[in-house]
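What follows is a short report on a single structure.
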Amino acid sequence: MAVDLLLGLQWGDEGKGKIVDVLTQNYDIVARFQGGPNAGHTLEFDGIKHVLRTIPSGIFHSKTINLIGNGVVIDPVVFVKELEGLDKFNIDYKSKLFISRKAHVILPTHRLLDAASEASKGKAKIGSTLKGIGPTYMDKTGRNGLRIGDLEMPNWEKNYRALAEKHLGLIDFYDVDVQFDLDEMEEEFFTAVETLKTLTFIDSEEYLHQAQKAGKSILAEGAQGSLLDIDFGTYPFVTSSNTTAAGACTGLGIAPNKVKEVYGIFKAYTTRVGSGPFPTELFDQVGEKMAKIGNEFGAVTGRPRRCGWLDLVALKYAVAVNGVTQLMMMKGDVLSGFKTLKVCTAYKYKGETINHLPFNIEPEYVTPVYIEMKGWKEDLTKIKETDKFPKELNDYIDFLEKELEVPIKLVSVGPDRTQTIHR
Ligand code: GDP
Ligand code: IMO
Ligand code: MG
């Protein structure tokens, strides 16, 4: 049985959580492969909104196994809060939520290091979510990290202490003002670790290998988006993991030749939270209108998301890097009532018109080239079938499909599970 991947194609917050929830009924296993509590994946059904951070978005379906892969970084403190959120809805996660022993643990001092690193950068800061993501992946690649499986070993606290002490030295080195009460943070951390240990830790690559042999269907859930990928994103304003398709292979132990569908999700416009270049960003009332109608505030930090027109140069790049086989267009409803829609089809770069994403997309190098399309007035949020789509929406979709050379198989017209139209 093949493995399908679901990935964000922009700068995150495309609506991955909603669509994983919608697709889960077709899968035996949903597995997160990278990122950590920097993610905020929102699901809405039965009038209730849930935000998941580390736990896969298939958790609300009783028959599906949810797995947190080796590529993920887990903060026990945040994780336990997520579990408490599920407890309120009597979700039986104990029997269906498994964690890879090879996933790395975010220490309280990783969070402090994140804050110190950001403070030391001043205006050049990444705009990190301050969840300790960068420092934890640094310890992973630096071969110093603490893993979930270590928590089952005697004396893991000794290794914890050695790593935490090292971090405190580094925080001193940064020489910035970071206030903290480590005793309090550690008390919370050690209590959370005990709760975490009541869940099932597994050798997840072996589990997934056996599941594939047994013909189980697997959906890999990405976090963040392609333009935040550590290699292919707008470096250094990126996250610290591979958010693109290859990350699903390394983050779960899935062989590339087992991957079948690659679902690429994008918003009908573009948003970005945190720092970094964003060629189609709008600084006017049009951008403000998108932010307002789209309710563009970060699910993790509450920060306002920067908004702009759809960028086909960046989207084509993401489609190529991921090998997207099916596209899903989110938040089409937000564009209702815009008289004219703009789509960026090329960049002016050093006096030339180019169609690919160059090394540097800072505003001093890149000016977007737009085409204009007629917008639609109709409210899309109650539409159930494609034949009720306004003509201008069909034109928009047809144009994008032609440019991207991949079919748009799903259109989302609202945050709720039911506001999803398959094409
Ligand atoms: P994720 O990180 O990719 O899972 O996305 P987020 O949950 O951070 O952000 C997406 C936001 O848009 C959430 O508040 C969703 O409830 C909401 N959303 C998802 N799809 C749609 C849609 O089609 N229309 C509207 N209006 N909102 C949507
Ligand atoms: P989901 O999965 C949007 C952004 C941060 C910052 C940069 C680095 O909900 O789409 P980090 O904390 O990873 O060191 O921050 O990446 N960022 C996200 N933006 N959605 C996310 O996740 C993000 N996760 C990180 O704002 O610019
Ligand atoms: Mg999000």
Residue hits (the range 346-378; acidic (Asp, Glu) and either assigned to a strand (DSSP E or B) or at pLDDT below 95 (or both)) are Glu352, Glu362, Glu364, Glu372
Here are some conditions: (1) of a type in the set (Ser, Thr, Tyr); (2) in a loop (DSSP other than H, G, I, E, B); (3) closer than 18 Å to Thr270 by Cβ. Thr381 meets all but one. Which one does it not meet? (3)
Do you know which residues across the range 297-326 are in contact with a helix residue (DSSP H, G or I) (Cβ under 9 Å, 6 or more places away or on another chain), charged (D, E, K, R) and over 17 Å from Lys402 (Cβ atoms)? Arg305, Arg306
Just wondering, is there one or more residues in the range 82-98 that are open to solvent by less than 40 Å² (accessible area, probe 1.4 Å), modelled with pLDDT of 95 or more and within 16 Å of ligand 3 (Cβ to nearest atom)? yes
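To keep it simple, each residue is scored yes or no on (1) at pLDDT 95 or above; (2) within 12 Å of ligand 2 (Cβ to nearest atom); (3) touching a strand residue (DSSP E or B) at 6+ places or on another chain (Cβ under 8 Å).
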residue	(1), (2), (3)
Met1	no, no, yes
Leu7	yes, yes, yes
Trp11	yes, yes, yes
Gly17	yes, yes, yes
Asp21	yes, no, yes
Asn26	yes, no, yes
Asp46	yes, no, no
Thr54	yes, yes, yes
Of all residues in the range 226-241, which are over 19 Å from Pro358 (Cα atoms) and under 11 Å from the mean Cα position of the chain (by Cα)? Thr239, Ser241
Result of the Cβ filter at 7 Å on the range 219-239, keeping first residues that are buried (at least 22 other Cβ atoms within 10 Å of the Cβ) and among the charged types (D, E, K, R) and partners that are at pLDDT 95 or above and in a loop (DSSP other than H, G, I, E, B), at least 6 apart or interchain, is Glu221/Pro56; Glu221/Ser57; Asp229/Val238; Asp229/Asn242; Asp229/Thr243; Asp229/Thr244
If you go through Val30, Val73, the only one that is part of a strand (DSSP E or B), under 16 Å from the mean Cα position of the chain (by Cα), within 14 Å of ligand 2 (Cβ to nearest atom) and buried (at least 24 other Cβ atoms within 10 Å of the Cβ) is Val73
Taking Pro279, is it in contact with a Gly (Cβ under 9 Å, 6 or more places away or on another chain) and either open to solvent by 10 Å² or more (accessible area, probe 1.4 Å) or of a type outside the set (A, V, I, L, M) (or both)? yes
Residues that are farther than 17 Å from Ile230 by Cα, open to solvent by 40 Å² or more (accessible area, probe 1.4 Å) and of a type outside the set (Gly, Ala, Ser), drawn from the range 107-126: Arg111, Lys121, Lys123
Can you report the number of residues in the range 292-310 which are open to solvent by less than 20 Å² (accessible area, probe 1.4 Å) and more than 11 Å from ligand 1 (Cβ to nearest atom)? 4
Looking at Thr129, is it open to solvent by less than 40 Å² (accessible area, probe 1.4 Å), under 30 Å from Phe60 (Cβ atoms) and within 16 Å of ligand 3 (Cβ to nearest atom)? yes
Do the conditions hold for Thr271, that is, is it within 16 Å of ligand 1 (Cβ to nearest atom), within 30 Å of Ile218 (Cβ to Cβ) and in contact with a strand residue (DSSP E or B) (Cβ under 7 Å, 6 or more places away or on another chain)? yes
Checking the condition without any contact (Cβ under 8 Å) to a residue 40 or more places away in the chain and within 10 Å of ligand 1 (Cβ to nearest atom), which residue from Leu6, Leu52, Leu86 passes? Leu52
Can you name every residue in the range 230-261 that is in contact with a Ser or Thr (Cβ under 6 Å, 6 or more places away or on another chain), among the hydrophobic types (A, V, I, L, M, F, W, C) and within 16 Å of ligand 1 (Cβ to nearest atom)? none
Spans of helices (runs of 4 or more DSSP H) in the range 145-264 with at least 3 residues in contact with an Asp or Glu (Cβ under 8 Å, 6 or more places away or on another chain) and more than 30 Å from Asn26 (Cβ to Cβ): 156-174
Residues in the range 321-345 that are more than 16 Å from ligand 2 (Cβ to nearest atom) and either over 19 Å from Thr244 (Cα atoms) or part of a helix (DSSP H, G or I) (or both): how many? 15
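The values are calculated or read from the model by the stated rules, or taken from the named source; none is laboratory data. What you see is a predicted model; the values in this text were computed from it and never measured. Reconstructed Cβ throughout: ideal geometry from the backbone, glycine too, with neighbour counts over all protein chains shown. What goes into the accessible areas is simple: the full protein's heavy atoms, side chains included, and nothing from ligands, DNA or RNA. Shrake-Rupley method; radii C 1.70, N 1.55, O 1.52, S 1.80 Å.
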